[in-house]
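The block underneath contains the structure these notes are about, expressed in structure tokens.
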Amino acid sequence: MFRRKRSPDDFAAEIQSHLEHEADDLKQAGISEDQARTQARREFGNVTAAQERFYLLYRWQWLDKLIRDLRFALRGLRHSPVFAATAILTLALGIGANTAVFSVMNAVLLRSLPVADPQRLVYLRTSNPPQRTGTIDTNATFSYPVYEALRHQTGALSEVIAVARLSGDMVNVRVGAQPEQAEADMVSGNFFHGLGVTMFRGRGFAPQDETGHALVLVLSYNYWTRRFARDPNVLGTTIYVKGVPFTVIGVSADGFEGTEPGHSMDFWIPLQNRLEFNVLGNAPEKGKLYQQNDTWWCLQLLGRLAPGVSRAQALVQLQNVFKRAAYVGLGGPQAGEKPPLLSFADAKNFPGYDQRYGKPLRLLMAMVGLVLLIALTNVVMLLLARNAGRQREFSLRLALGAQRGELLRQLLTESLLLVTAGGVLALGFAELATRVLGQWARIESSLAPDKTVLLFTLVVLVLAAALFSLAPFRIAVAGGADLALKTSAATSSADAGKTKKGNILVGLQMALCVVLLVSGGLLTRTLRNLQNIPLGLRTDGLLVFALNPQRVPTEPELIRFYQDLQSRLRSLPSVESVAVSRDRLGSGWSNNFDVMVDGQTPDTARGPAMVRSNDVGPGFFHTLGVPLLLGREFTDADTATTPPVAVVNELFVERFLPGQNPLGHRVNGFTIIGVVKNHKYRSMEEDPIPMAWWNYAQSPEEGEMNVAMRVQGDALAILPEVRKVVAQMDPDVPLIQPILQRVQFEQSISRQLLFARLAEFFAFLAIVLLATGLYGTLAYRVSMRTAEIGVRMAVGARRPQVVWMILKDSLTLTAAGVLTGVPLAMLAGRALTSSLYGVTPLDGVSYLFALVGLAVVALAASAVPAARAAGVDPLRALRVD
């Protein structure tokens, strides 16, 4: 029978009845009724007061019960330290890995810019920029006339904001006497106001700062923290940007890092009209800066929708304005040219990254979700095994009058303890893992968890707590109160038969592990294939860095600067050769142009008449180790006063001069003097493209140049000497991104590298979790079958037979997991097709690796329980009641 709980009304009625009985007793003793009731109330208190006290106790009794449940749960976990540690660590790894990957996916794909009302803010995009224009990003940059036209429209956009990069990567700055590098943007005067970004200190820009090209500067909160240690007196500080003094007028709000996807800006300056601040540091085309160059599409634009105007309405109003402004300086579209179209994109933290990272990140989220599923099933199996051994305890509590709800509350309390401890560790693990992911992916923007990520983690923890309490509950109450009277042998025999669910869980883990191992194998082999791609040059001992001198006023002086630099660097110990180039190999940058061969546009039937080019110095191909196939390369004799010459690659010859001797032919007015072997240029995975190289002395431009040094031994060890040489020539010029050429190329496959490393980690984590779960399950079964094993050995079973009995269970589960997992792995491989290189989704080596690895882990996890079973003493086992 179950006892019914007393309610406050029951308690009040009991007090009232007791008072009336006492009053009757006092009346019989000769006391008047009023005196009797007064004395009774004096002795027993007022009924209302008693009821209020009871209500207070009744209201807070849940806290007392919770405290008692917590104490009991803590005592139980303290008596099972191995179980508690295994469950908590399993949860921390599974939930932490999910939180880390979801944090990256949230930041890259979901999170909006940290600005006011981001739903009304849009990035401006175009699908068809006009022909005869130059552009930084075909779909995301606009000309200055377009910016001017759109900012003066009324009705559609209340704000039009312009952003321009000061350089392709970092810009030279100086605070005090120390030169350094920083990331910065030029922005319109309404940048902070239009975005709705508040200032932490000082003020933002005003429209007059843009029109007057004021030499003022706003620091980001991160840069103020990192570089100035949050100095409250930073306002008024002078910072030299490209040698020009700027005054700090403000510090932006914490969390705002700019509008460049994947980058964390250090500071911003208003749009300038000085030669040093032409967009990306490029030399003015035909003497025109970006404001006067109508065909240079170099500005990123953002807009804020006017109140009450939808996106569709704004686009309709802006389309004609945009089309007219797009052809300023061009006269009009050419015959057959598609008209440019304006479009909007969401103001996300990483605009456009959905196409590049969306599918791989979702695949990674699916993989880490499988890891979480394995981790949760692992903990469930551990709880099932642990609570199955506590059935007599649960049955005894039921026999003594405990209710099933009280048992469920106790299990829920224990689950909450495990989940809370695992969640705390998971957040710490996730924070560390997120930083590593950001470094691997070369994402400078903050990936710190926000409210969305914390809510995701909380939901996972709550679901885990519910699962961990409900899953063992049925076992806890399955035997009822009668089980308390049964012998332990009977109990063990009953429990030993309840293995079907455990087999299903282990088989599920096996199947998921096959999927992760195959996926990890495919991505790992893809990475190995990428890393082993022939580059066409020697990267051993090849060091590269960039320079951007500020004190070189003329092009001849710039050429002499680099000639002097190369001469000084060649004199350093262990340096074999030095060369310069405009674009760095493996950086993703390139210059492209329409080719003219011998004054004519070549037949494009064999491919587009597009050629990639680079400005390089003497000895460039020798320094890089690129084989020369025909003719010669540039020498010091090729100068600005000699006939212009060019070097092309073998694909250029095959495409535009097939079957001819290319030497002496002219490409865009330059005479071909040499042919070099095809080699990788922008990235490791790119296909070959026709290339032409010019001598930088014959096509000099201001701006950044890269230096390549062939060094014997450790190439990075020579950097201090290189810095001394550069400082002697110009103390304001730092080395920009010094790096080994091989590492530079590997950065071009950073996405594949990231996914392969994560896949390897998840596969390893799945193996560890699988081994833990399988070992725990088999160890528990051995302990529950002690009496059975003793009987078998007493009637003649040998130790090898007992070992095989345990191993057979493990191998059976492995076979079932493989049969289920292989078809799932095939589906996963098909989903990974776009991320593979040089390997098919049905790669036999990856599947063989997965199956062999799974079998080895299964046997290793079974070895200890099997040995323990073989070591059972028959006499001791038979004595077990």
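The values are calculated or read from the model by the stated rules, or taken from the named source; none is laboratory data. None of these values were measured; they are calculated from a predicted model. Every residue, glycine as well, gets a Cβ built from its backbone with ideal geometry; the counts of neighbours run over all protein chains shown. For the accessible areas, the whole protein counts, side chains as well, though only heavy atoms, and no ligand, DNA or RNA atoms are used. Shrake-Rupley method; radii C 1.70, N 1.55, O 1.52, S 1.80 Å.
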Checking H152 against (1) without any contact (Cβ under 8 Å) to a residue 12 or more places away in the chain; (2) open to solvent by less than 10 Å² (accessible area, probe 1.4 Å), the condition it does not meet: (2)
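Please work out if I672 is open to solvent by 10 Å² or more (accessible area, probe 1.4 Å) and of a type in the set (A, V, I, L, M). It would help to see each step written out before you state the result.
Working: open to solvent by 10 Å² or more (accessible area, probe 1.4 Å): no; of a type in the set (A, V, I, L, M): yes.
No, not satisfied.
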Among (1) part of a helix (DSSP H, G or I); (2) modelled with pLDDT under 80, the one test that A797 misses: (1)
Top-ranked residue of region 173-201 - restricted to ones that are polar (S, T, N, Q) and part of a strand (DSSP E or B), ranked as farthest from the chain's Cα centre (by Cα): Q178
Any hit, region 271-285, residues being at pLDDT 90 or above, of a type in the set (A, V, I, L, M, F, W, C), open to solvent by less than 20 Å² (accessible area, probe 1.4 Å) and within 23 Å of T211 (Cβ to Cβ): yes
Any hit, region 519-535, residues being open to solvent by less than 40 Å² (accessible area, probe 1.4 Å) and either closer than 22 Å to R710 by Cα or outside any helix (DSSP H, G or I) (or both): yes
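Taking A640, is it over 18 Å from E686 (Cβ atoms) and assigned to a strand (DSSP E or B)? Show your work before the answer.
Working: over 18 Å from E686 (Cβ atoms): yes; assigned to a strand (DSSP E or B): no.
No: the conditions fail for A640.
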Some residue of region 51-64 being surrounded by 13 or more Cβ atoms within 10 Å (Cβ to Cβ) and either modelled with pLDDT of 75 or more or among the aliphatic types (A, V, I, L, M) (or both): no
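Filter region 800-823 down to the residues that are among the polar types (S, T, N, Q) and buried (at least 22 other Cβ atoms within 10 Å of the Cβ), then identify the one that is modelled with the highest pLDDT.
Applying the first criterion (among the polar types (S, T, N, Q)) to region 800-823 yields 801, 810, 812, 814, 820.
Still in the list and also buried (at least 22 other Cβ atoms within 10 Å of the Cβ): 810, 814.
Working: S810: 76, T814: 81.
Checking each candidate, the answer is T814.
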Scan of region 616-640 for residues that are hydrophobic (A, V, I, L, M, F, W, C) and in contact (Cβ under 8 Å) with a residue 40 or more places away in the chain, ordered by number: V616, F620, F621, L624, V626, L628, L629, L630, F634, A640
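Which one of these is open to solvent by less than 30 Å² (accessible area, probe 1.4 Å), closer than 30 Å to K242 by Cβ and under 39 Å from the mean Cα position of the chain (by Cα): N706, N695? I'd like the intermediate steps shown before the answer.
Values: N695 fails: under 39 Å from the mean Cα position of the chain (by Cα).
From the options N706, N695, the qualifying one is N706.
Give the residues of region 828-866 that are in a helix (DSSP H, G or I), β-branched (V, I, T) and closer than 21 Å to L363 by Cβ, sorted by residue number. Steps first, answer last, please.
Here is the first cut: in region 828-866, the residues in a helix (DSSP H, G or I) are 828-831, 833-835, 844-866.
Subset that is β-branched (V, I, T): 833, 845, 852, 856-857, 864.
Listed by number, the residues that qualify are T833, V845.
Would you mention how many residues in region 132-153 are charged (D, E, K, R) and either assigned to a helix (DSSP H, G or I) or in contact with a helix residue (DSSP H, G or I) (Cβ under 6 Å, 6 or more places away or on another chain) (or both)? Please lay out each step first, then the result.
Initial filter on region 132-153 (charged (D, E, K, R)): 132, 137, 148, 151.
With either assigned to a helix (DSSP H, G or I) or in contact with a helix residue (DSSP H, G or I) (Cβ under 6 Å, 6 or more places away or on another chain) (or both) added as a condition, the list becomes 148, 151.
Qualifying residue count for the region: 2.
Considering V187, V173, which residue is more than 25 Å from P207 (Cβ to Cβ) and crowded, with 20+ Cβ neighbours inside 10 Å?
Values: V187 fails: more than 25 Å from P207 (Cβ to Cβ).
Answer to the check: V173.
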Exclusive hit being open to solvent by less than 20 Å² (accessible area, probe 1.4 Å), within 28 Å of the chain's Cα centre (by Cα) and at pLDDT 80 or above, set L543, L569, L516: L516
Any pair with Cβ under 9 angstrom, 6 or more apart, that starts in region 104-125 at a residue that is among the hydroxyl-bearing types (S, T, Y) and ends at one that is at pLDDT 90 or above: S112/L121; Y123/Q300; Y123/L301; Y123/L302; Y123/G303; Y123/F344
Selection status of A107, closer than 30 Å to L425 by Cα and buried (at least 22 other Cβ atoms within 10 Å of the Cβ): yes
Conditions (1) under 23 Å from S343 (Cβ atoms); (2) at pLDDT 90 or above: number failed by L217: (1)
Pair list, Cβ under 8 Å, 6 or more apart: region 650-671 residue without any contact (Cβ under 8 Å) to a residue 24 or more places away in the chain, other residue crowded, with 19+ Cβ neighbours inside 10 Å: V653/P662; V653/V675; Q660/V653; G664/I672
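I'd like to verify a number: residues in region 418-451 that are polar (S, T, N, Q) and at pLDDT 80 or above, how many?
Step one: list which residues in region 418-451 are polar (S, T, N, Q), which gives 420, 434, 439, 445-446.
Okay, now just the ones that are also at pLDDT 80 or above, so 420.
Count: 1.
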Hits in region 210-230 (condition: assigned to a helix (DSSP H, G or I) and within 23 Å of A347 (Cβ to Cβ)): E210, Y221, N222, Y223
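Could you check, for region 128-135, whether at least one of its residues is surrounded by fewer than 18 Cβ atoms within 10 Å (Cβ to Cβ) and touching a Cys at 6+ places or on another chain (Cβ under 9 Å)? Full working, then the answer.
Our first condition is that a residue be surrounded by fewer than 18 Cβ atoms within 10 Å (Cβ to Cβ); within region 128-135, this holds for 128, 131-132, 134-135.
After this cut, where a residue has to be touching a Cys at 6+ places or on another chain (Cβ under 9 Å) as well, the list is 134-135.
Taking every residue of region 128-135 in turn, at least one turns out to be surrounded by fewer than 18 Cβ atoms within 10 Å (Cβ to Cβ) and touching a Cys at 6+ places or on another chain (Cβ under 9 Å).
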Odd one out for A375 among (1) closer than 22 Å to S80 by Cα; (2) open to solvent by 20 Å² or more (accessible area, probe 1.4 Å); (3) at pLDDT 75 or above: (2)
